[in-house]
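Every number here is computed from the coordinates shown, using simple stated rules; none is lab data. Nothing here was measured: the structure is a model prediction, and the numbers come from that model. Neighbour counts run over all protein chains shown; Cβ positions are idealised from the backbone, glycine included.
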Amino acid sequence: MKILVTGGAGFIGSAVIRNLIENTEDEVFNLDKLTYAGNLESLVSVETSDRYHFAQVDICDREAVENVFESFQPDIVMHLAAESHVDRSIDGPGEFMQTNIIGTYTLLEVSRSYWEFLKKSSDPIMQQRAEAFRFHHISTDEVYGDLEGPEDLFREDTPYAPSSPYSASKASSDHLVRAWNRTYGLPVVVTNCSNNYGPYHFPEKLIPLVTLNALAKKDLPVYGDGKQVRDWLYVDDHARALCLVAKEGAKGETYNIGGHNEKQNIEVVKTICSILDELSPREDGVEYESQITYVKDRPGHDLRYAIDASKIECDLGWTPKETFESGIRKTVEWYLANKDSWCKNVLDGSYQMERLGTK
């Protein structure tokens, strides 16, 4: 099977590609613009495979995307390319509108033209490929907004109520994908996931930022009182789920993917500090928790996200393998092992572990 992955040099995209190359016989094409958060070093383990291909392409560039479709002729499109940081979207929403909305529209139109070409072919093999074709759109639980009650969960039929420019742009792209299914019949599947964490995560996000700032003896910034709740999903568990949905999910359906690991942000930060105290204690004997600093909360900050993942569990048999306790330890251990290689190379660029957005 030939799978086109957009945003494959990003955090989740690279995990998907590593999973496909290491655990299947699929041929994979990575289409990525290589913005600041895209890093081909995350794919070093698979880059020499003859089943892996890469092109630096902006998904808003229709001609370039069409060229990739023409040459690669995918059976599945897994669309992960997106601007994804809430703080950056608050300060500069335009880039999010362009990539997440216009980019998705462009990709949908190229996919539709390609799929219709396959359908109209007189070749039975091409017609079979048209029947099997999928456009898999990967989205976020942030499109649902904020949960009110402590027992509430986001379900596939939860109404959309995005709170930030980022989540609004992702909600818009979700609506486009479903409209292309209903209006044109394009075979699509949509997934909405909870907060991902794990190796190769760009250090603007909470877990890698706290880990690397702690090791550098910098402040550990926590928004507001730190009591915002997130459902944490280990990235390799998510990658397995995405590949399963792309191949076996029912056309036109949505699947929520969560880790069953609800934690307050302050709990996450303190857990990282505790693991670092054990694995890499400060030379002065001071505990890493002393570096925690409470900072002004972001505008419109949602208090709680939590996913009901029963549909993907019942329909496709997926469950997460990692608990938060096992996954967070693996993650911290990975950053410790790679702080002088992958992490150093990332931090040698324009990002230096500052708080991005909401200046």
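What is the Rg over Rh value, at two decimals, for region 249-346, using alpha-carbon atoms and the Kirkwood definition of Rh?
Dividing the radius of gyration by the Kirkwood radius yields 1.07.
Give me D for region 215-288 in µm² s⁻¹, whole number, from Stokes-Einstein with Rh from the Kirkwood sum over alpha-carbon pairs, 10 °C and 1.306 mPa s.
Reported coefficient: 104 µm²/s.
So for R182, R51, fewest C-beta neighbours within 10 Å to most, what's the order?
Going from sparsest to densest Cβ surroundings: R182, R51.
For L336, put the label point 7 Å out on the Cα→Cβ axis and report which residues of region 275-290 keep their amide N under 17 Å from it.
Answer for this model: 275-289.
What area, in nm² and to one decimal, does the C-alpha convex hull of region 136-235 cast on average over all directions?
Seen from a random direction, the Cα hull of region 136-235 projects 8.1 nm² on average.
Would you work out if region 10-146 is rounded, prolate or oblate? Take a ≥ b ≥ c from the square roots of the eigenvalues of the alpha-carbon gyration tensor; rounded if a/c is under 1.5, else prolate when a/b is larger than b/c, oblate otherwise.
oblate
Would you mind calculating the gained length between S280 and D61 on full extension (0.36 nm times residue separation, minus the Cα-Cα distance), in nm to one decimal?
74.3 nm
What FRET efficiency do you get for E109 and D225 if R0 is 35 Å and r is their Cβ-Cβ distance, rounded to the nearest 0.05?
That pair, E109 with D225, gives E of 0.20.
Scale the Cα Rg of region 189-253 by the rule-of-thumb value 2.2 N^0.38 Å and send over the ratio, two decimals.
1.46
Which whole-percent values make up P(r) of the chain when all C-alpha to C-alpha distances are grouped in 10 Å steps starting at zero?
Once binned at 10 Å, the Cα pair distances of the chain give 5, 25, 35, 24, 9, 2, 0, 0.
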